[in-house]
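First up is the structure itself, then whatever we jot down about it.
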Amino acid sequence: MKVAFFDTKPYDVPGFDHYAAAADLEIKYFETRLNADTVSLASGFDAVCVFVNDTVDSAVVEKLYEMGVKVIALRCAGFNNVDIRAASGKLPVYRVPAYSPYAVAEHAMALLLTINRRTHKAYIRTRDFNFSLQGLAGFDLYGKTVGIIGTGKIGRVFADICKGFGMHILAYDKFPTEDSGLHYVALPELFAQSDIISLHCPLTEETHHLINADSIAQMKKGVTIINTSRGSLIDTEDLINGIKEKKVGAACLDVYEEEGDLFYEDFSGHIVQDDKLVRLISMPNVIVTSHQAFLTEEALDNIAATTVNNLVRYFQGDPDTSTEVCYKP
Ligand code: NAI
């Protein structure tokens, strides 16, 4: 079984090599992303393994199928970058539905604590022996209301963390979980009541630009918005306007609408052409991380173990057929 592994980063290799060796899986690591220009690299392979910013659109699916690739293995949870309809009837699509909800939820809280208490600025100041506290005042999280949109695995861990801080929690989910103990409200109420709003729902046609000028208008002045889910949940231009008008007090972004061209790469010596991202990064009340919420040792190990297991079971004729894991043809 030969696997073409796209968008490889050095931290992917040890875990995948470890599990692949035990499973007799041969992996060829490509640094490039999978897209229409690079798909021919998958020729001669049985499977492709892709991540969040590979482009598996209908043209790529068609080409993979023509070349005899049999299966697509996502080594992530979100699958908005794969044209599932195009794959239907041709290639099964596997994913890793949960590798560490703790990793993502903890990162969301890390971003909130950082932007609120300005620890990123304090760190730089004290390294320069500047011990002034001017401009570093935050607010107590205790007693504040956090609105959580999407109360699946990650949203619920984030809710537990917030409870530990003594925060009030409002929740919205298209499919609320009955036994979660969470207080579900309609979106307008969540927008109106929350001091902090954290996004943990998937990107779908319905949730695309869920945060836009209209929803921002319904929010409290000074609201903090956290997005560790998918960039296109937020209309970036509307967010920038909301921050400029001081309606939005702060934004914590681990994901960004146009991240595919930039995230995971080093552009420190370049003039970045994406003016919206540059504007966001220039703002003192915005913190951007490069889609790293998943990046813990435990998550990387689970990703490798589950992806290899998905592939091995598929090739051994005993595929995991649970809808959580597999989008079958
Ligand atoms: P999950 O599937 O356990 O939970 C998603 C929740 O969103 C479910 O409760 C579902 O009912 C709800 N939902 C679906 N449609 C909705 C809608 N229209 N409005 C409101 N809620 C809706 O997923 P999980 O594991 O909690 O992950 C959530 C998202 O986090 C993923 O879709 C992915 O985009 C993102 N993610 C980001 C990572 C990062 O490194 N930044 C890593 C892993 C996931």
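The values are calculated or read from the model by the stated rules, or taken from the named source; none is laboratory data. Treat the numbers as computed from the prediction; the structure is a model and nothing was measured. For neighbour counting, all protein chains shown are included, and Cβ atoms are generated from backbone atoms with ideal geometry for every residue, glycine included. Keep in mind that these areas ignore ligands, DNA and RNA; they rest on the heavy atoms of the full protein, side chains included. Shrake-Rupley method; radii C 1.70, N 1.55, O 1.52, S 1.80 Å.
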Every pair of residues 6+ apart whose Cβ atoms lie under 6 Å, when the first sits in region 63-87 and is within 19 Å of His208 (Cβ to Cβ) while the second is open to solvent by 30 Å² or more (accessible area, probe 1.4 Å) and assigned to a strand (DSSP E or B): Ile84/Tyr327
Filter pass, Gly150 being more than 13 Å from the ligand (Cβ to nearest atom), on the phi > 0 side of the Ramachandran plot and either open to solvent by less than 30 Å² (accessible area, probe 1.4 Å) or modelled with pLDDT of 95 or more (or both): no
Residue match in region 287-294 (condition: within 16 Å of the ligand (Cβ to nearest atom), under 17 Å from the mean Cα position of the chain (by Cα), hydroxyl-bearing (Ser, Thr, Tyr) and open to solvent by 40 Å² or more (accessible area, probe 1.4 Å)): yes
Number of positions in region 172-209 that are more than 18 Å from the chain's Cα centre (by Cα), within 13 Å of the ligand (Cβ to nearest atom) and in a strand (DSSP E or B): 2
Tally, over region 1-55, of residues that are touching a strand residue (DSSP E or B) at 6+ places or on another chain (Cβ under 9 Å), touching a residue at least 40 places away in the same chain (Cβ under 8 Å) and either in a helix (DSSP H, G or I) or open to solvent by less than 30 Å² (accessible area, probe 1.4 Å) (or both): 17
Residues within region 153-167 that are of a type in the set (A, V, I, L, M), more than 23 Å from His208 (Cβ to Cβ) and within 15 Å of the ligand (Cβ to nearest atom), tallied: 3
Qualifying positions in region 218-257 - farther than 21 Å from Lys144 by Cβ and in a helix (DSSP H, G or I): Gly231, Ser232, Leu233, Thr236, Glu237, Asp238, Ile240, Asn241, Lys244
Single condition Lys276 does not satisfy, out of (1) farther than 28 Å from Arg85 by Cβ; (2) open to solvent by 40 Å² or more (accessible area, probe 1.4 Å); (3) out of contact with any Ser or Thr (no Cβ under 8 Å at 6 or more places or on another chain): (3)
Sole exception among (1) more than 16 Å from the ligand (Cβ to nearest atom); (2) in a helix (DSSP H, G or I); (3) farther than 25 Å from Ser194 by Cβ for Gly260, by number: (1)
